[in-house]
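The block underneath contains the structure these notes are about, expressed in structure tokens.
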Amino acid sequence: MNVLFLTLARISDIEERGIYTDLMREFVRHGHTMYIVVPAERRFHQPTEMLDGGNVKILRVWTFNIQKTNLIEKGIGTLLLEYQYQKAIQKYWKNAKFDLILYSTPPITFNKVIAALKKKGAKTYLLLKDIFPQNAVDLGMFSKDSFLYKMFRKKEERLYQLSDYIGCMSPANVDYVLMHNREVDTCRVEVCPNSIEFCRGEERLCPNEALLQKLSIPIDKILFIYGGNLGRPQGIDFLIKVLAANEKRNDSFFIIVGNGTEFMKIKLWFDQNTPHNACLLSSLPKQEYDGLVRVCNVGLIFLDRRFTIPNFPSRLLSYLENRMPVLMATDKNTDIGEIARTNGFGLWTESGNIETFMEMVDFMTADRERIKIMGENGYAYLEANYTVKHSYNIIMRHFE
């Protein structure tokens, strides 16, 4: 089967680890030929080109900047994607016959590409990773009365119409899509969660004192780590309140690793307060970051409390893979907190509830054996539910 994957992820080699590359490798292991289309944003000064690796072909398409740019260029670039992708596919893969098209959100602007290939007999599967434009409304980026909302909402509705099946990240995502899109048949929407290739050989290592010393991180405290985007969706103001409250403790240390549009806000707080119970790292080499995650004790997830759409941060998978329980502060609609609590690998409170969050910190620091047990629960849940083998089977049961 020839499978076309449309994405905004920057993929140059599917041997790299990630929720998309891991899934692509699973398709290849089952004998499929993967055709992958990714953006080559103008900030990288790369032309449109095709990398042919036999059963893995990657088409990098020159686009405007989609990430790390102003809203105007991002908006224009997003709207132009379907034309640029369609033109490149026609040029490089004109004679290829695609049996299945996979595509992920964001963006919701691949409609013309998908519609054209469906006419040639391709089946379609949407990996719904982001519910736009409602998430932008939730964060106050524009209103439901605006032209932008109405335009993007029509594109979202069309995307759902074109999709033979829609794979959502969690049960709450499924419920949201069906509730707000009554025309979508319930049998076409299912849970197909974020997933990774399960690495049995990558066992949790003993604490690496040299790495912690290099990063000026104490070895005698419970280490809480947040790794990932530091942007508006994460509700950085509450994260800062947590860091400030933690300064009153002597048994816990918070490590924040990441970048994003709100990075300077949190950096300013660090510069002004010089906390002794937290550190901020803008970036680390991947190998070093992976090593740091392995020696930490508890993972952290933060989301803005204003969200009315359920979210499912992919960083959860890294925490579970490294046998860490997870503390979460999210909106009330995201169901990952309830999933974690029910299955014994995490605790949840609504974002903004500082008293309850610090009680959760108390609960974790009180018993290292409890941390270990909860971490093992998470590892088992990952193996049972969040592997690419599981996701592959969910997708392909419709097409075999």
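Brief remarks follow.
- Test item: Cα-centred dipole of segment 273-400, Lys/Arg +1 and Asp/Glu -1 on Cβ, debye: 240
- Counting only alpha carbon atoms, the long axis of helix 354-365 and the longest principal axis of the chain meet at about 70°.
- Within the chain, antiparallel bridges make up roughly 5 percent of the DSSP beta bridges whose residues both belong there.
- Shown for segment 1-45 is the translational diffusion coefficient from the Stokes-Einstein equation, using the Kirkwood radius over Cα pairs, a temperature of 4 °C and a viscosity of 1.567 mPa s: 116 µm²/s.
- Of every Cα-Cα pair in segment 261-400, the percent that sits beyond 28 Å: 24
- Leading residue at positive end of dipole, the chain (Cβ point charges), from 169, 137, 333: 137
- Proximal lysine pairs, segment 188-347, alpha carbons under 28 Å, eight or more residues apart or interchain: 20
- Surface composition of segment 55-95: carbon plus sulfur atoms contribute 59% of the solvent-accessible area (1.4 Å probe, protein chains only, all chains present).
- Helix-only [θ]222 nm of the chain, DSSP H runs n ≥ 4, -39500 (n - 2.57) each, per residue, nearest 500: -12500 deg cm²/dmol
- For the chain, the longest principal axis of the alpha carbon atoms and the long axis of helix 19-29 meet at an angle near 50°.
- log₁₀ of I(q)/I(0) at q = 0.09, 0.15, 0.16, 0.21 Å⁻¹ - segment 123-258, Debye sum with one point per alpha carbon: -0.49, -0.94, -0.98, -1.26
- Degrees, to the nearest 10: 71-92 long Cα axis against longest axis of the chain: 50
- For segment 63-122 versus segment 261-333, the gap between their alpha-carbon centres in whole angstrom: 31
- Residue among 45, 276, 390 with the largest mean-square fluctuation in a Gaussian network model of the chain, springs linking Cα atoms under 10 Å: 45
- Surface composition of segment 263-400: carbon and sulfur atoms hold 49% of the protein heavy-atom accessible area at a 1.4 Å probe.
- The residues of segment 82-200 expose, per residue, 45 Å² of accessible area to a 1.4 Å probe.
- Between the amide H of residue 62 and those of 40, 48, 49, distances stay under 5 Å, these residues lying 5 or more places away or on another chain, with hydrogens modeled in the peptide plane.
- Identified option (computed Cα extents along the principal axes in Å; candidates [x] 64, 50, 44; [y] 89, 53, 52; [z] 60, 55, 42): [x]
The values are calculated or read from the model by the stated rules, or taken from the named source; none is laboratory data. All values reported here derive from a predicted model rather than from experimental measurement. Don't worry about glycine lacking a Cβ; one is built from the backbone with ideal geometry, like all the others, and counts go over all protein chains shown. Protein only, heavy atoms only, side chains kept; ligands, DNA and RNA dropped before computing areas. Shrake-Rupley method; radii C 1.70, N 1.55, O 1.52, S 1.80 Å.
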